[in-house]
Amino acid sequence: MASKSPKRSYKFDPWLDPKNRPYIRIENVSKEFDGTMAVNNLSLSIYQGEFFSILGGSGCGKTTLLRMLAGFETPTSGKIYIDDIDMTTTPPYERPVNMMFQSYALFPHMSVGQNVAFGLKQEKLPKAEIKERVEGVLDLVQMSAFINRMPHQLSGGQRQRVALARSLVKQPKLLLLDEPLASLDKKLKERTQLELVTIQERVGITFIMVSHDQEESMTMSTRIAVMNEGQIKQVGPPHEIYEFPNSRFVADFIGSINMFEGIILEDASDHVIIQSDSMPSELCISHSATIPPGASVTVGVRPEKVKISKMSHGKPDVSYNYTSGIVDDIEYLGDVSIYHVLTANGRRILATLPNLVRLTEQPVTWEDKVYLYWQPENGIVLTV
Ligand code: ATP
């Protein structure tokens, strides 16, 4: 996966200014179900206007965390503050929160307009206000023309937009989205991701989305929290999580990465030299690791940072970060191809190359003997 930056139209980083107060504060929250710690002493701050993603594998506790924010579950311990008010035990209907579920759960016997109006009618708002708000929100999600259609007459993407309209019409301050795009096909998903971000920017509501789709989180979010076993492993903007993972777990979970176990030979202020049994050359990384020589570490390098050249063209002019091998497989993905190179000691290293020409015209092909190499600024030292 290539590194992506969020498709936002303006700079937005309130978490960098310590003067800003978070809109949501989750403090040391745990949730235990019959001996299972679904969420384990988790703390997190989220700022107003963020499109925040909670990303993690199946069973890591992300839905439980979202349900505690919505009020459908009560923490076993810890506190949840929304807008500085302790909401830990506040019931869902008294929170300024709405939740959009995985299944859009539109009422099948109601039209689009009736589905969107439902919550407002329950609040017994005046008819004129309901009409105005329903029309306004359908306009926002570009579904005005479908106001009289029944849910079964809509496509998946259109149903998703109606569900979003139904969530937004109640003007929550916080919208929780549980895998909102899970049922859409790839193309529609990509389009809807953009639409969701645009809508979120326009309404200015804080969105918290649970997802196990990393590309989706990378594309849409202001920040991502990567979760594992009920805890947060790293929080940061997408590019930071991708380029500077803080652990082997995050590096491996987000995108794909080549990892090399090694021992620190030298740690200077601007570089580290590492010896790895998997590499004929020493590894050089252009940042300090601040750990003593002799310590065991892992070096990570993303496949798109690895360069590949035919051995017949001679060894690349580098002193560090190179190895050689044979092209064992090529995964053709249209825009890029992933070259699987087997080294003499049996390591499989991945290198992603853009398909600037057709695959059959690429200079490197199956069974070619190649050099692989990368620049010191493209590696990262992982210590945990
Ligand atoms: P997925 O992506 O599969 O939906 P998730 O990250 O959202 O997973 P959760 O649904 O939060 O995970 O579940 C976390 C853990 O808590 C799992 O081990 C799950 O089995 C357990 N769990 C969740 N809800 C309950 C419950 N009501 N009773 C008992 N155990 C539960």
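The values are calculated or read from the model by the stated rules, or taken from the named source; none is laboratory data. All of these numbers come straight from a predicted model, not from anything done at the bench. No Cβ is skipped: glycine too gets one built from the backbone with ideal geometry, and neighbour counts run over all protein chains shown. Heavy atoms of the whole protein, side chains included, go into the accessibility calculation; ligands, DNA and RNA do not. Shrake-Rupley method; radii C 1.70, N 1.55, O 1.52, S 1.80 Å.
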Task: Matching option when the condition is assigned by TED's automatic domain parsing to the domain that holds Phe260, hydrophobic (A, V, I, L, M, F, W, C) and modelled with pLDDT under 90, among Val357, Val306 - done: Val357
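For every residue, the table says whether it meets (1) outside the structural domain of Leu66 (by TED's automatic domain parsing); (2) surrounded by 18 or more Cβ atoms within 10 Å (Cβ to Cβ); (3) touching a helix residue (DSSP H, G or I) at 6+ places or on another chain (Cβ under 6 Å).
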{"position": "Gln114", "(1), (2), (3)": "yes, no, no"}
{"position": "Gly119", "(1), (2), (3)": "yes, no, no"}
{"position": "Gln122", "(1), (2), (3)": "yes, no, no"}
{"position": "Ile130", "(1), (2), (3)": "yes, yes, yes"}
{"position": "Val134", "(1), (2), (3)": "yes, yes, yes"}
{"position": "Gln158", "(1), (2), (3)": "yes, yes, no"}
{"position": "Arg161", "(1), (2), (3)": "yes, yes, no"}
{"position": "Ser167", "(1), (2), (3)": "yes, yes, no"}
TODO: Kindly establish whether Lys131 is over 17 Å from Ala225 (Cβ atoms) and basic (Lys, Arg).
DONE: yes
- [ ] Go over the candidates Ala289, Ala268 one by one and state the one that is assigned by TED's automatic domain parsing to the domain that holds Arg348 and touching a strand residue (DSSP E or B) at 6+ places or on another chain (Cβ under 7 Å).
- [x] Ala289
- [ ] Name the single residue, out of those in region 202-261 being closer than 30 Å to Ser276 by Cα and aromatic (Phe, Trp, Tyr), that is farthest from the ligand (Cβ to nearest atom).
- [x] Phe260
Open item on the list: Against the definition (part of a loop (DSSP other than H, G, I, E, B) and closer than 30 Å to Thr343 by Cα), how does Ser183 come out, yes or no?
Closed with: no
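Okay, residues lined up against (1) in contact with a Lys or Arg (Cβ under 6 Å, 6 or more places away or on another chain); (2) assigned to a loop (DSSP other than H, G, I, E, B); (3) open to solvent by 10 Å² or more (accessible area, probe 1.4 Å):
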| residue | (1), (2), (3) |
| --- | --- |
| Ser278 | yes, yes, yes |
| Thr290 | no, yes, yes |
| Gly294 | no, yes, yes |
| Val297 | no, no, no |
| Ser309 | no, no, yes |
| Asp329 | no, no, yes |
| Ile338 | no, no, yes |
| Gly346 | no, yes, yes |
TODO: Please identify the pairs in which a residue from region 196-210 that is open to solvent by 40 Å² or more (accessible area, probe 1.4 Å) has its Cβ atom under 9 Å from the Cβ atom of a residue that is at pLDDT below 95 and within 16 Å of the ligand (Cβ to nearest atom), counting only partners at least 6 apart or on another chain.
DONE: none
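Is it true that Ile82 is β-branched (Val, Ile, Thr), closer than 26 Å to Lys62 by Cα and touching a residue at least 24 places away in the same chain (Cβ under 8 Å)?
yes
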Open item on the list: Please go through (1) farther than 15 Å from Asn258 by Cβ; (2) in contact with a helix residue (DSSP H, G or I) (Cβ under 9 Å, 6 or more places away or on another chain); (3) surrounded by fewer than 19 Cβ atoms within 10 Å (Cβ to Cβ) for Pro316 and return the number of the only condition it doesn't satisfy.
Closed with: (2)
TODO: Please list, ordered by first then second residue, the pairs with beta carbon atoms under 7 Å, 6 or more apart or interchain, first in region 175-190 and outside the structural domain of Gly49 (by TED's automatic domain parsing) and under 13 Å from Ile54 (Cβ atoms), second exposed (fewer than 15 other Cβ atoms within 10 Å of the Cβ) and acidic (Asp, Glu).
DONE: none
Open item on the list: Restricting to region 20-79, name every residue that is touching a residue at least 12 places away in the same chain (Cβ under 8 Å), surrounded by fewer than 18 Cβ atoms within 10 Å (Cβ to Cβ), within 8 Å of the ligand (Cβ to nearest atom) and among the hydroxyl-bearing types (Ser, Thr, Tyr).
Closed with: Ser58
